[in-house]
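Data first, discussion second: the structure below is written as structure tokens.
Just so you know, all these numbers are worked out from the coordinates, no wet-lab data involved. None of the values given here were measured: they were computed from a predicted structure. Cβ placement follows ideal geometry from the backbone for every residue including glycine, while neighbour counts extend to all protein chains displayed.
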Amino acid sequence: MIEELPNAIRSGALDVYLQPKVTLPDGVVYGFEALVRWNREGVMVPPDRFVSVAEESGLILELDRYVMRRATQVTADINAELGRSYSISVNLSALHFSGRRIVGWVQAALADSRLPPSLLTLEITESVELGDWRGAQATVEELRESGTRVSIDDFGTGYSSIGYLHAISADELKIDRSLVERIETCDKSRFLVDTVLDMAGNLGLDVVVEGIETESQARVIHQLGGNKAQGFLYGRPMPEETMRTLLRNEGVRDLEQDAG
Ligand code: C2E
Ligand code: MG
Ligand code: MG
């Protein structure tokens, strides 16, 4: 796989799927997350199978750059076509934050796609030990100063969640699916999510709750004060074209409703 991956990136064999991000309780789409898929001779390989391999070899830097370019372009195109301001979230390996190259890459992707910086969110996953994050803060700060948003992904699963929040300044926090799974039946899950929502609110962070699969999970999250979500209930990651068609039809439905 390591041998094939550089060529897959170069030859466009990586597809960028989009998953809707929605507001609660209405479930209206306000943006998407870009999730990479490897089209390996017609079989869609999920990122869990190659992202860590790509991190070991350093190839993840090129991969993320490719996904970011593509995702910003697609979103700008959709916004231009539909006259909307959907936002896009891109996952970046923590490896990007040990240097500054990412800053130029983000600027180039924004300039080439003409997507406003405020519509791009960079999701950083919490899978790196805190020590590394102190140095990363300068890069994060530079990105945020240019107007791009920064999100802490998979909150609640990593090494030292609170310390991490202290070390890096972000705009958004994503509560991991593992905290949400049993939210209707498990008091402990509910208290934890409630507490994280409160804490994030106190820190002035937006919160997106990940992995919502059922209406009743969505109801509990909303009751606890959550107002943004993502999950199979609202839509699975899908090819760009499918997302575009879906949004086009949603626009048509809005018009029909307005017309009575
Ligand atoms: P993530 O960033 O936390 O993305 C959310 C993952 O949860 C996605 O898996 C998505 O398909 C899945 N998911 C969303 N809603 C639900 C739900 O309701 N139920 C369940 N069971 N799953 C749900 P996916 O696409 O397989 O991606 C896995 C991870 O791979 C991502 O987790 C992210 O950490 C990484 N990844 C994906 N694309 C990229 C990329 O372009 N660059 C980097 N560096 N990492 C990526
Ligand atoms: Mg993510
Ligand atoms: Mg996540």
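Rounded to the nearest 20, the Cβ-based charge dipole of region 5-245 about its Cα centre (Lys and Arg +1, Asp and Glu -1) stands at 420 debye. Annotation note: chymotrypsin sites (Phe, Trp or Tyr not before Pro) in region 154-206 located in DSSP loop regions with a Cβ neighbour count of at most 13 within 10 Å are Y159.
Protection proxy ranking, highest mean first, for peptides 177-187, 143-153: 143-153, 177-187, where packing is the per-residue count of other beta-carbon atoms within 10 Å, averaged.
Classify the chain as rounded, prolate or oblate, taking a ≥ b ≥ c as the square roots of the eigenvalues of its Cα gyration tensor: rounded when a/c is under 1.5, otherwise prolate if a/b is larger than b/c and oblate if not. It comes out rounded by the Cα gyration axes. Would you work out which of H222, V90, T185 lies farthest towards the positive end of the dipole of the chain? Charges go on Cβ: Lys and Arg +1, Asp and Glu -1. Result: V90, furthest along the dipole toward the positive end. Across the chain, the mean sequence separation of Cα contacts (distance under 8 Å, 6 or more residues apart), normalised by length, yields a relative contact order of 19 percent.
DSSP beta bridges fully contained in the chain are about 45 percent antiparallel.
Only helices enter the 222 nm calculation for the chain: every DSSP H run of n ≥ 4 contributes -39,500 (n - 2.57), and dividing by all residues gives -14000 deg cm²/dmol, rounded to 500. T23: net charge of surrounding residues, Cβ under 12 Å, Lys/Arg +1, Asp/Glu -1, itself excluded? The answer is 0.
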